Amino acid sequence: MQMPPPDPDTLFGDLLQDLPPETMAMAREFKAFVRAKKVKTPQQLLRVVLLYCGVDKSLRETAADFTLLYTSITDSSIAERLAACRPWVQAVLAKMLHTNAVATLPTPWRFLVIDGSHVQSPGAQSTQYRLHICMDLVQLQFVSITVTDQHTGDALIGFQGRGI
């Protein structure tokens, strides 16, 4: 017998328990959550961030899910809210990742994460583009983002001379 999928509200509640206790206060401190309009609480804002960034939904899908859960909102309103969340999310991640040990790396060294992803537009049958990203995991900053055609493969040599 197959188990029913877990309740999204239960999963979200469990996730909130795993975050640093000051996460919601940090939303106000970093001005990610300034006033309650359509998004009434920092918890709702976090849910928007996780739907868009964590579950990888489009702005329209995120707005639709938010509308089903809470109240009607447009994808452009979601985009405006998300734009203000970067410093908040970076601060929360820094608290969760305990980067102190990595931050003590010798001066010229950095801890970089490199990823290559296939991108295709709706209805496409195969890869149209490739997205190559290099991120400094200690600073939580992108070092390099490049979009290439489908003929460029994943390789580390593509990152030479780009601040690495």
ask   = How compact and how long is segment 8-97, expressed as Rg and Dmax of its alpha-carbon atoms in Å?
value = 12.3, 34
remark   = So for R0 = 45 Å, FRET eff. of F12-A124 from the Cβ-Cβ r, to 0.05, ends up at 0.90
message = Quick check: Cα centre of segment 19-66 to Cα centre of segment 125-139, how many Å?
response = 24 Å
ask   = Within straight cross-link reach of K40, meaning Cα distance under 23 Å, which lysines are found once same-chain residues fewer than 8 apart are removed?
value = K31, K57
query = What full-extension length gain, to one decimal in nm, is calculated for H151 and F111 as 0.36 nm per residue of separation minus the Cα-Cα distance?
reply = 11.6 nm
remark   = Sorted by chain and number, the residues with a modelled amide H under 5 Å from that of V143, at a separation of 5 or more or across chains, are C134, M135, D136
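Bear in mind these aren't lab numbers, they're just calculated from the coordinates by the rules spelled out. Remember, predicted model here, so these are calculated numbers, not experimental data. Note: ideal-geometry Cβ built from the backbone for every residue, glycine included; neighbour counts use all protein chains shown.
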